[in-house]
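The values are calculated or read from the model by the stated rules, or taken from the named source; none is laboratory data. Since the structure is predicted, the reported quantities are computational estimates derived from the model, not experimental observations. Cβ sites come from the backbone with ideal geometry, for glycine too, and all protein chains shown count toward neighbours. For the accessible areas, the whole protein counts, side chains as well, though only heavy atoms, and no ligand, DNA or RNA atoms are used. Shrake-Rupley method; radii C 1.70, N 1.55, O 1.52, S 1.80 Å.
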Amino acid sequence: SQYYDTYGYGYEGTDDGILLLIDMEEREWVILAVGYGEYAVTSDGYDWLQEDIVPYLSSGEYATAFTMFAEICDDLIVTKEDVYEP
């Protein structure tokens, strides 16, 4: 989360968010969830994201992978937002 903090990411001035970080040289990726993002993206959410986006990343279809990431995160956030209590 140091990367997250260093660059000031967060939704509307909060520390809430979910990032997909990709190292193109090493062909590695990681999902970083902070604040509400940690609550919204459970281990099942990580599995869902991995299952759906990794094939697109592996085949170089980055735009599709990013779109899928955004759509899945939106689904995860909307599903949990009515019951979140920080």
Would you confirm, using the coordinates I've provided, whether Tyr39 is at pLDDT below 80 and open to solvent by 50 Å² or more (accessible area, probe 1.4 Å)?
no
When you go through Leu20, Leu32, Leu57 one by one, which is the residue that is in contact with a strand residue (DSSP E or B) (Cβ under 7 Å, 6 or more places away or on another chain), open to solvent by less than 90 Å² (accessible area, probe 1.4 Å) and in a helix (DSSP H, G or I)?
Leu57
Does Glu51 meet the test of being surrounded by fewer than 12 Cβ atoms within 10 Å (Cβ to Cβ) and farther than 24 Å from Gln2 by Cα?
yes
Are any residues in segment 1-17 part of a helix (DSSP H, G or I) and in contact (Cβ under 8 Å) with a residue 24 or more places away in the chain, and if so, which ones?
Tyr3, Tyr4, Tyr11
